[in-house]
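Only one structure is covered here, and it is reproduced in the block below.
The values are calculated or read from the model by the stated rules, or taken from the named source; none is laboratory data. Treat the numbers as computed from the prediction; the structure is a model and nothing was measured. Methodologically, a virtual Cβ is constructed for each residue, glycine included, from the backbone with ideal geometry; neighbour enumeration extends over all protein chains shown.
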Amino acid sequence: MKVTRPELVIIAHACDDWAPNYFRSPLHGGKDAAVRYIADHHLEGLTTKYGRAKIWDAVAAHLDANPDTLTAPRTTSTERDTREAERNARADTYLRAALHHYKATEPYEALALIARAELAAPTYKDFIQYRQAVEKKTPPFSRTDLTETDLRHRATLPLVDPHPGPPVMHHGSHAQAWVYPGRPVIEGNWPAAIPEHCTATDDELAEWIADGTLLVCTGCGLDCT
């Protein structure tokens, strides 16, 4: 089981907050002590989930990649509380923006902002509940399976890699037909770069491809299946 991105952020925050103190401890200090005490005393949930060895390795890897963390000034309780409050405030800003998109029935934007909030402060809220609320209101679009074809769906929010484009807002520069949130676009050299600029919105201009498994707009590549 792989440690998730939010969990890696939790590890990074724990290292930032505590590594200088343990590293500089006059009794049993040093990097090994920092790794042990951070993992065992500040990441109990992760050590229970993944085992001590894996989280010790993850903490050590973070400190190896960020050696200045060990030699930074020691932190106080007040400083750590201030850092946490600042992280929570950033996450709250993203969640308020997500709520705006949730109310506007724009689930992909809402989910992307919830993801940003979680990466800003992973322990601030139960982000699973936020995602479930979005998906309950607008169930995720079920994409056509392209595994047996040479086609690919264009990456859109809330995916992170490769760099995503925005979700499709409507189909046609004039018609502006409603598109279910999450309906994807097939990568290709289409006449229109995005469905919002498409002029081939008539139903008869759609074409079945990939041995009849995919109905695609020939003007922009919108998956109309």
Counting only residues that are in contact with a Leu (Cβ under 8 Å, 6 or more places away or on another chain) and farther than 14 Å from Leu8 by Cα, the range 26-67 contains a total of 3
Pick out the one residue from Thr213, Thr218, Thr201 that is touching a residue at least 40 places away in the same chain (Cβ under 8 Å) and of a type outside the set (Phe, Trp, Tyr).
Thr213
So which pairs qualify, if the first residue must be in the range 17-28 and in contact (Cβ under 8 Å) with a residue 60 or more places away in the chain and under 21 Å from Asp81 (Cβ atoms), the second must be of a type in the set (S, T, N, Q) and part of a loop (DSSP other than H, G, I, E, B), the Cβ gap must be under 6 Å, and the two must be at least 6 apart or on different chains?
Asp17/Thr75
Note on the range 113-155: residues more than 17 Å from Glu7 (Cα to Cα), of a type in the set (Gly, Ala, Ser) and at pLDDT 85 or above are Ala133
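Can you tell me which residue is surrounded by the most Cβ atoms within 10 Å (Cβ to Cβ) among those in the range 99-117 that are in contact (Cβ under 8 Å) with a residue 12 or more places away in the chain and among the hydrophobic types (A, V, I, L, M, F, W, C)?
Of the range 99-117, the ones in contact (Cβ under 8 Å) with a residue 12 or more places away in the chain are 101-102, 105-117.
Still in the list and also among the hydrophobic types (A, V, I, L, M, F, W, C): 110-115, 117.
Details: Ala110: 29, Leu111: 25, Ala112: 23, Leu113: 24, Ile114: 27, Ala115: 21, Ala117: 24.
Per the criteria, the residue is Ala110.
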Against the condition hydrophobic (A, V, I, L, M, F, W, C), surrounded by fewer than 18 Cβ atoms within 10 Å (Cβ to Cβ) and either touching a residue at least 40 places away in the same chain (Cβ under 8 Å) or not assigned by TED's automatic domain parsing to the domain that holds Ile128 (or both), how does Ala34 come out, does it pass?
no
Checking Tyr94 against (1) surrounded by fewer than 18 Cβ atoms within 10 Å (Cβ to Cβ); (2) at pLDDT below 95; (3) within 22 Å of Ile128 (Cα to Cα): exactly one of these is not met. Which one?
(1)
Scan the range 35-52 and tell me whether some residue there is farther than 23 Å from Arg87 by Cβ, within 25 Å of the chain's Cα centre (by Cα) and of a type in the set (Gly, Ala, Ser).
yes
Out of the range 113-148, which residues are of a type in the set (Gly, Ala, Ser) and under 16 Å from Pro184 (Cα atoms)?
Ser142
Filtered residues of the range 156-185 (kept if among the small types (Gly, Ala, Ser), modelled with pLDDT of 70 or more and over 19 Å from Thr138 (Cα atoms))
Gly172, Ser173, Ala175
